[in-house]
Each structure stands twice: as C-alpha cells, then as structure tokens.
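Here's the structure, in structure tokens; my notes come after.
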Amino acid sequence: MKEKQDYIKDIEEIRSMMERSSRFLSLSGLSGVMAGIYALAGSYIAYSVFNFNPDEVVFYSAQSDLIKVFFLAIVILILALSTAVFLSYKSALNKGEKVWNVTSKQLVTSMLVPLLAGGILIIVLISKSLIGLVAPMTLVFYGLAVYSASRYTIDELKFLGLVQIVLGLFSSYFVEYGLLVWGFGFGIVHIVYGMYMYFRYEK
Amino acid sequence: MKTIVQVKYINNLHKAFESRVRLGIMSALAVNNKLDFNSLKELLNLTDGNLATHLKALERENFISVEKSFKDRKPNTKYYITKEGKKAFEDHLKALEKIISNKK
C-alpha cells in the first residue's frame, strides 16, 4: 500500500508533467531586454540618420532612404530573434532540456500564422506607398502573434501581446506618432517586460 | 486507522496508474492533442524499450490509442488519449486529491 507521501508525489509529478509538456518555460527575460535595446537604437537611427518619420498614411520619401529603413528593420528583427534563440538555448541547456521540443514547436507555430499574414500585409502597404501604416501594423501583428503564443509559455506574455495590439491600433489612427509609438512598444515595453520576467522567474 | 471513506477512495485508484511513468504519460497526453514517441521519450527521460512497455500497457487498457503515419518516409507513431483514458485519468486524480485531503 502506498503512503500519503507517495500520493502527494504522484500529484506533483502529474502537475509538473502537464506543465513541462505544454509550456515552453525557457524563454529568457533578458532576450526581451535586448530586443528592446535593439528596437530603441533602430528607431533612433531611422529617425535621426535616415530622417524617417512618416506623418501621413500615404508617405513618399526617397526610394533609397526607404530601402535603408527596410534593411534596418530586417537587421533589428534578425538580431532580436537570434538573441532570443541563443539565450533560450542556454537557459534550456542549464535545465537539461532540449530547446527544440514539443512545446517550443507549438510556440513557434502559433506565432507563425499572424506573423506571416502581417509580413505580407506590410509588403502590400509598402508597395502602395502606405508607409505611415507600416510601423502600426508591425505592432498589431506582433501583438497578435505574442497573444496567441502565450498559451504555450508563461501567461504574462498575453499581457505583452495586448499592450502591443493597443499601441498599434492607437498609432494607426495617430499616424504622426507612428515611429515614436513603435519605439515605445518594441523598445520600452520589451525592456520593462523583460526585466519583470528576469526578476520574477530567473533571479 | 483508515476510515471506510478512505478505503473507498483508494479502491477508486486505477491499477494501471500505480506506476509513476504511466501517470506521466497520461499527464502529458491529457494536455496535448497528440505526441510522438520521441517527444514522450524526451519528456519522461526513458529508454525506448521502457517507454514502449508502458505505452503497450496503457494501450491494452484502451486508455491511449496510436496513429501511425509516415514523415519523410520514416514511420511516425503518435499517441493520444482516448475518451475512456481521459475519464479514468480524471477519476484517478479525483481519488488522489480526496485521499490527500482526508489524510491530513
């Protein structure tokens, strides 16, 4: 006959297995902070070096400047993603887990659909010179992706997603604040969220 | 001294779930639609043979079912919890909780 302690351990094992098999918990808070720093630097460069600050939905600027801003955005995206993957990899390694497992696969797949849809929409917007809407739409679709990914990782991610969606919608109406709000959303919000995660779960 | 109530709950515990590995398999399948053999192996940290034995046992009870397909021309076996399995697992959980709260 099992003892009380055994039954308690049974329940603990059930809880831990349910969580481990359905949520990816190696997402690093520091990668949020780093992504925020890249975004702030990026929006500063776009504004002061490339003079990019669309104040109308339909916005024309020199083709060459537009291409520079576009590449700047791609560089920020790659930097932020690779930092996130690298730090999550390290954190998973410390816990003796694999990074590419059931839960991280679910996490990535759940983000993929909104991100791809957003990416295509943004290319369409650029091709129609609706440049003013590009920054707001990146916020909206990134927010949607994060919101749907929160099911497969820490619950707090849901809140991050909602904040980004609201910021995106706000700046799609007040287009003149587009770049500023973008810097706030991807920069400040990420840094605050990342520090909160870091001190809450990793310290 | 065990009260009659406790004995009743202990009788509600299912024999198939006495092993913690099987409990682990059921927990993972309860929160995931389907899981393949390798994912289960990683989650539970088991050898192929060990996991296969436990899976067979749960399959015999009709608590889990198998879906075989091919992925990149390699056989890919996915496991999922059956209605019967879900019910048995939930009943087992309830019984566990009752026993613990009674034994305080």
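The values are calculated or read from the model by the stated rules, or taken from the named source; none is laboratory data. The structure displayed is predicted, hence computed values, not measured ones. Methodologically, a virtual Cβ is constructed for each residue, glycine included, from the backbone with ideal geometry; neighbour enumeration extends over all protein chains shown. Ligands, DNA and RNA are excluded from the accessible area calculation, which covers all protein heavy atoms including side chains. Shrake-Rupley method; radii C 1.70, N 1.55, O 1.52, S 1.80 Å.
The single condition from (1) open to solvent by 90 Å² or more (accessible area, probe 1.4 Å); (2) touching a residue at least 40 places away in the same chain (Cβ under 8 Å) that B:Leu35 fails is (1). When A:Leu169, A:Leu144, A:Leu133, A:Leu160 are checked against the criterion of being touching a residue at least 12 places away in the same chain (Cβ under 8 Å) and in contact with a Phe, Trp or Tyr (Cβ under 6 Å, 6 or more places away or on another chain), A:Leu160 stands alone in meeting it.
Here A:Gly96 fulfils each of the conditions (1) in contact (Cβ under 8 Å) with a residue 12 or more places away in the chain; (2) loosely packed, with under 13 Cβ neighbours inside 10 Å apart from (1).
Where helices (runs of 4 or more DSSP H) fall entirely within region A:84-203, those with at least 2 residues that are touching a Leu at 6+ places or on another chain (Cβ under 6 Å) are at A:102-127, A:134-149, A:157-173.
The sole residue among A:Leu79, A:Leu27, A:Leu40, A:Leu72 that is in a loop (DSSP other than H, G, I, E, B) and either open to solvent by 70 Å² or more (accessible area, probe 1.4 Å) or away from every other protein chain (no Cβ under 13 Å) (or both) is A:Leu27. Within region B:80-94, is even one residue surrounded by 12 or more Cβ atoms within 10 Å (Cβ to Cβ) and in a strand (DSSP E or B)? Checking region B:80-94: at least one residue is surrounded by 12 or more Cβ atoms within 10 Å (Cβ to Cβ) and in a strand (DSSP E or B). Being surrounded by 14 or more Cβ atoms within 10 Å (Cβ to Cβ) and either under 18 Å from A:Asp10 (Cα atoms) or modelled with pLDDT of 90 or more (or both) is true of B:Val21. Residues that are open to solvent by 80 Å² or more (accessible area, probe 1.4 Å) and of a type in the set (Gly, Ala, Ser) within region A:99-143 comprise just one, A:Ser127.
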